[in-house]
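Participant: This is the structure I want to talk about, given as structure tokens.
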Amino acid sequence: MVVQLKFFAGLRSYLPPEPFPYPYDAQEGATVAQVLGALSIPLDKPRIILINGRHGELETALSEGDLLSLFPPVAGG
């Protein structure tokens, strides 16, 4: 199944620069954690996980055509 990946800030380095979002061929029913593992992304890197614009978890299963957006920790003051 193909899902779309949109990674932001430092997480962008795990994907090619183009296209954005990046189409990724995942196994049917793959979870967010499985996709991150396949891309060698440490599970503690993403702080915000969105699937189709809604909050997701590492254990959330993805479906064909889903848009997975990841954001790293944000610092501020």
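Participant: I want to confirm something. Restricting to segment 61-70 and keeping residues that are among the aliphatic types (A, V, I, L, M) and not in a loop (DSSP other than H, G, I, E, B), which single residue is farthest from Y14 (Cα to Cα)?
Facilitator: It comes out as A61.
Participant: Ok, one more. Got at least one residue in segment 49-60 being out of contact with any Phe, Trp or Tyr (no Cβ under 9 Å at 6 or more places or on another chain), hydrophobic (A, V, I, L, M, F, W, C) and over 20 Å from A9 (Cβ atoms)?
Facilitator: Kept after step one, since they are out of contact with any Phe, Trp or Tyr (no Cβ under 9 Å at 6 or more places or on another chain), are these residues of segment 49-60: 51-60.
Narrowing further to those that are hydrophobic (A, V, I, L, M, F, W, C): 51, 58.
Filter once more, so that each one left must be over 20 Å from A9 (Cβ atoms): none.
No, segment 49-60 has no match at all.
Participant: Right, another one. I'd like the full set of residues that are touching a strand residue (DSSP E or B) at 6+ places or on another chain (Cβ under 6 Å) and loosely packed, with under 13 Cβ neighbours inside 10 Å, limited to segment 48-77.
Facilitator: E59
Participant: Can you tell me how many residues in segment 9-22 are surrounded by 14 or more Cβ atoms within 10 Å (Cβ to Cβ) and within 19 Å of L43 (Cα to Cα)?
Facilitator: Of the residues in that region, 4 qualify.
Participant: For segment 30-44, check the following and say yes or no: at least one residue is in contact (Cβ under 8 Å) with a residue 40 or more places away in the chain, part of a loop (DSSP other than H, G, I, E, B) and buried (at least 16 other Cβ atoms within 10 Å of the Cβ).
Facilitator: No: zero hits.
Participant: Taking the condition of being of a type in the set (D, E) and in a loop (DSSP other than H, G, I, E, B), how many residues in segment 17-29 meet it?
Facilitator: Final tally of qualifying residues: 2.
All of the numbers you see were taken from the coordinates with simple rules; none came from a lab. Please read all numbers here as calculations on a predicted model, not as lab measurements. Cβ coordinates were reconstructed from backbone atoms using ideal geometry, including for glycine residues, and neighbour counts include every protein chain displayed.
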